[in-house]
1. Across region 102-112, which residue is farthest from residue 129 (Cα to Cα) among those that are at pLDDT below 90 and open to solvent by less than 30 Å² (accessible area, probe 1.4 Å)?
2. Return only the number of the condition from (1) loosely packed, with under 14 Cβ neighbours inside 10 Å; (2) in a helix (DSSP H, G or I) that residue 73 does not satisfy.
3. Would you mind stating whether residue 268 is outside any loop (DSSP other than H, G, I, E, B), hydrophobic (A, V, I, L, M, F, W, C) and open to solvent by 60 Å² or more (accessible area, probe 1.4 Å)?
4. Answer with yes or no whether residue 305 is under 22 Å from residue 138 (Cα atoms) and either open to solvent by 50 Å² or more (accessible area, probe 1.4 Å) or more than 27 Å from the chain's Cα centre (by Cα) (or both).
5. Is it the case, given these coordinates, that residue 318 is in a helix (DSSP H, G or I), of a type in the set (A, V, I, L, M, F, W, C) and open to solvent by 50 Å² or more (accessible area, probe 1.4 Å)?
6. At least 3 residues that are of a type in the set (A, V, I, L, M, F, W, C) and under 28 Å from residue 56 (Cβ atoms) in each: list the strands (runs of 3 or more DSSP E) lying fully within region 79-177 that qualify.
7. Scan (1) closer than 26 Å to residue 21 by Cα; (2) in contact with a strand residue (DSSP E or B) (Cβ under 6 Å, 6 or more places away or on another chain) for the single condition residue 157 breaks and write down its number.
8. Give the residues of region 32-58 that are open to solvent by 40 Å² or more (accessible area, probe 1.4 Å), modelled with pLDDT under 85 and in a helix (DSSP H, G or I), sorted by residue number.
Amino acid sequence: PGAARFTVNSEAPVFRRWRSGGAVFLVMVGIFLVLFFPIVTVQWIGYTTLLIVGASYAWSRITTRGLRISRPPDDLVTYRYHDATVTIRILNRSFLPVTHMVISDNPGTLYSGWQNSRLLSLRPRERRTLTYHIRGMNRGAYRIGPVTVTHSDPLGLFRTQALVPAEVMLVVYPTIHPVSIPLDAGLPVGTVTAASRVYEDPTRYRSVREYTPGDEVRRINWKVSARTGRLHSTEWMPTLTVPVICLLNLTPPDYERRHRYGHTERTIDAAASLVHHLAERGQPVGLVTTGVLEDGVSPVIPISHGSQHAVTILKALARIAPGEDE
């Protein structure tokens, strides 16, 4: 009887189960007293028993309809052997308190230290936030959830258990190690200052000088020229951008069979460390690998720059696995 209504990040069915064995017994006792004992006092006891059972049922229905369970919309990210904070938001929209409520989150294969289950109660219109820490021991993408909520009326006659499909994704990045790139030979990575004005970067302002015959029209700074009454030209920093492509070999036969897992994991950590090192310096970087994702496709991430692009590569490295083809 009744539907457990929970608001989650996306519409999905909720499984519920009502347990009311004690309530059925009390109802039978109350009906028996009313029908077979004409004594007024005994009948009042029977009516009171039926009234208590009805009030408990209504209490459970009202509080169940007033519960709202949700999560923050963003996915969780962390590094190996680091903790991530999981958040569950609980709201009691009814005018009755919720007593004896147990809320439990499913951490899957991740370690939570038994912090994912809590016993609590909610006052009318109260909002609570349940947080606990979870640790990813291995890189990868993990689903956390669903949430199981169990509560009852104050007398415990009608117990409601609902499965709320509010899930969140936890991405565990590979281990990031410090990277030192020698500059004794070849070109250094990143933006390199050039001597020739041919390589001027119009995104890197340098200074404004007076106009020299032969300057291009696009160099003229019209605002400064209007303010000073004389033509001025803009100068930019002459630079060269040296992009980097990271080639990650995850072909199984290229690794010794005995230590294949450990060596591939260290190679992935090295690739993630290199991407992290280059992204911190504003370096354009891309990724090509023989590894595969869950759909069996080898990712090819083109060269680009920015923190979001680096996050895209790190998420791919978190989910990558050695390919089967030679």
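The values are calculated or read from the model by the stated rules, or taken from the named source; none is laboratory data. Since the structure is predicted, the reported quantities are computational estimates derived from the model, not experimental observations. In this analysis, Cβ positions are derived from the backbone assuming ideal geometry, glycine residues included, and neighbour counts consider all displayed protein chains. What goes into the accessible areas is simple: the full protein's heavy atoms, side chains included, and nothing from ligands, DNA or RNA. Shrake-Rupley method; radii C 1.70, N 1.55, O 1.52, S 1.80 Å.
1. Per the criteria, the residue is 110.
2. Going through (1) loosely packed, with under 14 Cβ neighbours inside 10 Å; (2) in a helix (DSSP H, G or I) one by one, residue 73 breaks only (2).
3. The answer is no for residue 268.
4. Against the criterion (under 22 Å from residue 138 (Cα atoms) and either open to solvent by 50 Å² or more (accessible area, probe 1.4 Å) or more than 27 Å from the chain's Cα centre (by Cα) (or both)), residue 305 does not qualify.
5. No.
6. Correct list: 83-92, 98-105, 117-122, 159-164.
7. (2)
8. Of everything in region 32-58, those that are open to solvent by 40 Å² or more (accessible area, probe 1.4 Å), modelled with pLDDT under 85 and in a helix (DSSP H, G or I) turn out to be 32, 35, 36, 40, 43.
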